[in-house]
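Since the structure comes first, as structure tokens, the remarks are kept for the end.
Every number here is computed from the coordinates shown, using simple stated rules; none is lab data. Fair warning: this is a prediction, and the values are worked out from it, not measured in the lab.
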Amino acid sequence: MTDKRIENINVSAEDAIITPNQLKDLYPLNENIIRTIEKGQGTIKNILSGEDKRILVVVGPCSIHDIDVAKAYAQKLKKLADELSDTLYLVMRVYFEKPRTTVGWQGLINDPFLDDSHQLEEGLKQARELLTYIAEIGLPVAGEALDIVTPQYIQDLISWTAIGARTTESQSHRKMASGLSSVVGFKNGTDGNIKIAVNALESVASPHNFISIDPDGHVAVVRTKGNSNTHIILRGGKEPNYDSDSVARYEKYLAKVGLPTRMMIDCSHANSNKKAANQRLVLKSIEEQIKTGNKSIMGVMIESNLFAGKQSIPADITTLQYGVSVTDECIGWDETEELLKAFATSIQS
Ligand SMILES: O=C[C@H](O)[C@H](O)COP(=O)(O)O
Ligand SMILES: C=C(OP(=O)(O)O)C(=O)O
């Protein structure tokens, strides 16, 4: 029994919620969905190995806060993905969990009503419903695995996974990622440290054992086989790190430690100085590097929403602007379409 004099002094409640299997029964898989995920996970593995020569593009909102906006975005992106599929493999960023530098809204799963009511079960339901909708239309999805337990609820619907700059060095995240079925990308640290991402690749390739929950919600020891389908993501730090000199330096470093020299470049975050308009400059540099023979850049990340910019979350949620990010600045849909079409045409020729 808990003795309240010494334990849970700073805990106000422990509310039981739906189990992973119960959530999956509410929003089940079907053959269409399984085909999208199998194809998504498989294609991304082939891009990582170099067998598929296309460039992986992880593109979409910084965070999902409005399911209708996300569905409208997914419809547009699917059309563009089909159009550019000879050169680019487009995967939608569907990020439900936001790591914060200090405090702030932590994403749709944590607070689906954006009002500090923290109805996590509702957040999980909304997340899974959206993921099944996007998979049904045949579009693969990318997510950030920030929480250690939520993958049990939604990871079957994810084709590519990021571990963020603030958690790349975390042993718990590395252990969890060693059991994920998708390719996993590790960001460099917020200060620009690449070593922690390279160390993560080594750690994640090994089998691990850790305590989590099983699909029925029972506490369980999860024993993983290790995941070698991994790569680093350059997101900038104190300085941007997308330029050809930085890329060449990281290629050498990966080769020196015996790892494949494959990497993704994040056009946003510290590579854009958090200014969405700068993402096009990063993409232009990537385009030039690929055109001049770079074979290490296997993917790019772009933060994009229906409309450009960002907004603060207002006290009255009904006054939110439709289709505008509530976390980092994004480029709008028109610019996204223009940039990706130009990128595809340029690297094809
Ligand atoms: O990608 C989003 C943000 O860069 C990340 O969540 C950190 O945000 P913050 O510095 O506003 O907390
Ligand atoms: C938080 C993110 O990035 P980073 O971990 O690079 O800050 C993100 O991609 O949403």
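Of 11, 324, 94, the residue with the greatest mean-square motion in the GNM of the chain, using alpha carbon springs below 10 Å, is 11. In this structure, the residue pairs whose Cα-Cα separation is over 29 Å, taken from 24/76; 125/175; 225/284, are 225/284. Helix-only arithmetic for the chain: the sum of -39500 (n - 2.57) across DSSP H runs with n ≥ 4, divided by the residue total, places the mean residue ellipticity at 222 nm at -11000 deg cm²/dmol. The stretch between residue 321 and residue 118 holds 70.9 nm of extra length on full extension. This uses 0.36 nm per residue minus the Cα-Cα distance.
Backbone phi angles across segment 23-35, fed through the Karplus curve with coefficients 6.51, -1.76 and 1.60 (θ = phi - 60°), yield HN-Hα couplings of 5, 5, 5, 6, 10, x, 7, 9, 4, 4, 5, 4, 4 Hz in residue order; Gly and Pro are listed as x.
Within segment 31-348, DSSP assigns beta bridges of which about 15% are antiparallel (rounded to the nearest 5).
Under a straight-distance cross-link criterion of Cα-Cα below 16 Å, which lysines are reachable from residue 98, leaving out those fewer than 8 residues away in the same chain? Once the sequence-local lysines are set aside, what remains near residue 98 is 187, 274, 310.
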